[in-house]
Amino acid sequence: MKVRKAVIPAAGLGTRMLPATKTVPKEMLPLVDKPVIQYIIEEAVAAGIEDILIVTNRAKSAMDDYFDYYPELETRLNQAGKEKELFEVRRAADLANIFYVRQKETKGLGHAIWRAKRFVGDEPFAVLLGDDIMKAQVPVTRQLIDAAETYSASAVGVQYVATEAISKYSSVKVTPLEGRVFRVSDMNEKPTPEQMLSNYAILGRYVLTPQIFDILENLTPGYGGEIQLTDGLQKLCHTAPMVAVDFEGRRYDTGNLRGFLEATIDFALDHPQTGDWLAQFIRSKAKSL
C-alpha cells in the first residue's frame, strides 16, 4: 500500500478571515515568509507524496500562478544577483507535480474530495486540509501513511480535545491497537458533549482508500446541508479497516484569526531571520503591559 498522491481541498470562501480573504485566497495569506498552502505542500512532499491535486474554485487562480515559473521576475532577480530570492521562487514551483480541479458548486468537504476521483484512480491517497498547518518532527502525513501501511487500512489523524470543544470537530469511537494507534469503529460530525463518541477529534489529515469515492457519490447531504466527509468516513469504517493516529505534533487552524496569529508567532520565533528579534520584541512588549 504505497501512497503517492495527495488531495488538498482549498475551495472554501474564507469567511472566517474576512475582510482579508475577500480577494486573496485564505490559503495564500503569508505565514511569515511563505503562503499557508506552501507549508502544507511541503509536508506532503516530506511524507513521500509525488503528485498533489488542489481542489479550488473560480476565485483562487493565485495558487496556480504561485506554483508556476515566473520568467520575468526570475530574470530580474538573476540580473540583480539576488540568488537566494531566485532559489526560493524556483523552489516553490518545483516542489511537486501539482494539478488543479475546481469545485464548481459549494457542496461541502465530501464533495470537494469526490472531485479528485479521476486524479486518484484506484490508489490510496492522502488528504491535507488547506486550513490546517502541522508542526512536527515527523510529518503528520507520514505518521498516518506509516499506520495505514502497517494495518492495510484508511487512517485519520486525531488528537484529544476538551469536551466543551468537541462540537467543533468530528468525534471518533476508538479501541486501542498499539502505541498511539487505535481502531476506528464509528464517528460523528460536530456532536454535542452528550453525543460525542470520545474526546479524540479528527484534525485535518487523512489517508484514504479509493472506496471512499463511491460512498461520497451516493451520500445524502448532512450537517449544514452539505456532503460531509465525516459521513462518508463513517460508512467506510463500518465496511473496511480504519485506524486513528494520535499524531505527534502541533496543529494550527489558520482558517481563523486566532489560529493564524498563533501559527505566525510560533513559526516566526523559529525562523532564523526573525526568531531572535521577535523574542526580544515580545519580552519588551510584555514588560509594558
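Considering only Gln228, Phe182, Ile54, the residue lying farthest towards the positive end of the dipole of the chain is Gln228, judged by Cα position with unit charges set on Cβ. Most simply put, the chain has about 60% antiparallel DSSP beta bridges, counting only bridges with both residues inside it. Relative contact order of the chain, taken over Cα pairs closer than 8 Å and 6 or more residues apart, is 22 percent.
Would any residue of region 1-43 have its amide N under 18 Å from a label point 7 Å out along Cα→Cβ of Asp122? List them or say none. It comes to 1-5, nothing else. Computed from Cα positions, the angle between helix 275-288 and the longest principal axis of the chain comes to roughly 90 degrees.
Beyond 22 Å, what percent of the Cα pairs of region 170-247 remain? Spell out each step's value before the answer.
Numbers: 604 of 3003 pairs.
For region 170-247, the fraction of Cα-Cα distances above 22 Å is 20 percent.
In summary, the lysines within cross-link reach of Lys22, defined as a Cα separation below 22 angstrom excluding same-chain residues under 8 places away, comprise Lys34, Lys60, Lys104, Lys107. Rounded, prolate or oblate: which one fits the chain, using the alpha carbon gyration tensor with axes a ≥ b ≥ c (rounded when a/c is under 1.5, else prolate when a/b beats b/c, else oblate)? The shape class here is prolate. Across region 101-113, coupling constants 3J(HN,Hα) worked out from phi with the 6.51/-1.76/1.60 Karplus curve, θ = phi - 60°, read 9, 9, 8, 6, 10, 7, 10, x, 4, x, 5, 4, 5 Hz, and Gly and Pro carry x.
Taking K and R as +1 and D and E as -1, what net charge do the other residues with C-beta under 15 Å from the C-beta of Tyr70 add up to? Can you show the working numbers first?
On the way: positive: Arg76, Lys82, Arg90, Arg91; negative: Asp64, Asp65, Asp68, Glu72, Glu74, Glu85, Glu88, Asp94.
My count for the surroundings of Tyr70 gives -4.
Note that region 198-210 has calculated 3J(HN,Hα) couplings of 5, 8, 7, 10, 6, 10, x, 9, 9, 10, 10, 8, x Hz, one per residue in order, obtained from phi through the Karplus relation 6.51 cos²θ - 1.76 cosθ + 1.60 (θ = phi - 60°); glycine and proline are x.
Legend: calculated FRET efficiency, Glu248 to Thr175, from the Cβ-Cβ distance at R0 = 30 Å, rounded to 0.05, equals 0.90.
Using the Cα centre as the reference, give the magnitude of the dipole from point charges on the C-beta atoms of the chain (Lys, Arg: +1; Asp, Glu: -1; all else neutral), rounded to the nearest 20 debye.
About 540 debye.
Quick one: helix 36-46 against the long Cα principal axis of the chain, what's the angle to the nearest 10°, folded into 0 to 90? It works out to around 70 degrees.
What is the gain in length, in nm to one decimal, between Gln195 and Phe87 on full extension, counting 0.36 nm per residue of separation less the C-alpha to C-alpha distance?
Contour length minus Cα-Cα distance gives 33.8 nm.
Using just its DSSP H runs of length 4 or more, each adding -39500 (n - 2.57), the chain gives a mean residue ellipticity at 222 nm of -10500 deg cm²/dmol after division by all residues. Annotation note: trypsin sites (Lys or Arg not before Pro) in region 191-289 located in DSSP loop regions with a Cβ neighbour count of at most 12 within 10 Å are absent.
If R0 is 51 Å, what FRET efficiency do you get for Glu74 and Lys285 from their C-beta distance, rounded to 0.05? If you can, show how the numbers build up before the last one.
Values: r = 39 Å, r/R0 = 0.76.
Here the calculated transfer efficiency is 0.85.
Just so you know, all these numbers are worked out from the coordinates, no wet-lab data involved. As the structure is a prediction and not an experimental result, all values here were calculated from the model. Methodologically, a virtual Cβ is constructed for each residue, glycine included, from the backbone with ideal geometry; neighbour enumeration extends over all protein chains shown.
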